1. Multiplying the sequence separation of Met110 and Ser159 by 0.36 nm and subtracting their Cα-Cα distance, what value in nm do you get?
2. Ignoring ligands, DNA and RNA, how do Glu83, Glu138 rank by accessible area with a 1.4 Å probe, largest first?
Amino acid sequence: MGVLALIVINKAGGLIYNRTFGDGLNQLNTNDYLVLAGTFHGVHAITARLNPLKGLMAQQQPAAVTAGGVPIPSRPEPPSGLEVLESENFRLQCFNTLTGTKFLLFTDTMQANIDVTMRKVYDLYSDYVMKNPFYQLEMPIRCETFDRKLNSYIREINSSR
């Protein structure tokens with residue numbers, strides 16, 4: 001089994017979507033998914049602040065110089081929190097969008113090209129959820145077309161293994 005589950009968390013840490021694709025994970029009830037989403041959001045926020053080397057590297061990095069010789073300070077990268085959590089049974093990959101929405105993809109440890117899979121899931125979200133005129137931001141995702149396309153894509157990945 002390749003992709004096991006997908007969880008989408010809004011910028012406030014609320015669960016807005018969860019889907020299980022296989023039997024590789026323990027079955028959780030809705031309350032467990034809500035707790036998981038809130039806990040991951042808090043851990044992600046803490047780990048985004050635990051980066052002592054970035055500040056030192058930014059001080060040592062010289063400013064970019066334009067053709068006119070005027071220095072332009074380089075723009076710091078936005079802080080990123082927890083991106084990958086790997087255990088002996090599964091791998092959790094987090095994709096954090098610019099708007100703060102987090103996509104958590106649970107896969108088996110041998111799954112390849114997780115970044116490509118995550119990008120495709122985000123593209124499906126952009127095409128079928130964000131372009132839906134009836135969807136309200138930060139609210140639970142209830143879009144049948146998104147569900148169908150996502151299930152089709154994940155089934156394709158899982159059957160190719």
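1. Numbers: separation 49, 0.36 × 49 = 17.64 nm, distance 1.43 nm.
So the extension gain works out to 16.2 nm.
2. Sorted by accessible area, descending: Glu83, Glu138.
The values are calculated or read from the model by the stated rules, or taken from the named source; none is laboratory data. Note that the structure is a prediction, hence the values are computed from the model and not measured. Accessible surface areas use protein heavy atoms only, side chains included; no ligands, DNA or RNA. Shrake-Rupley method; radii C 1.70, N 1.55, O 1.52, S 1.80 Å.
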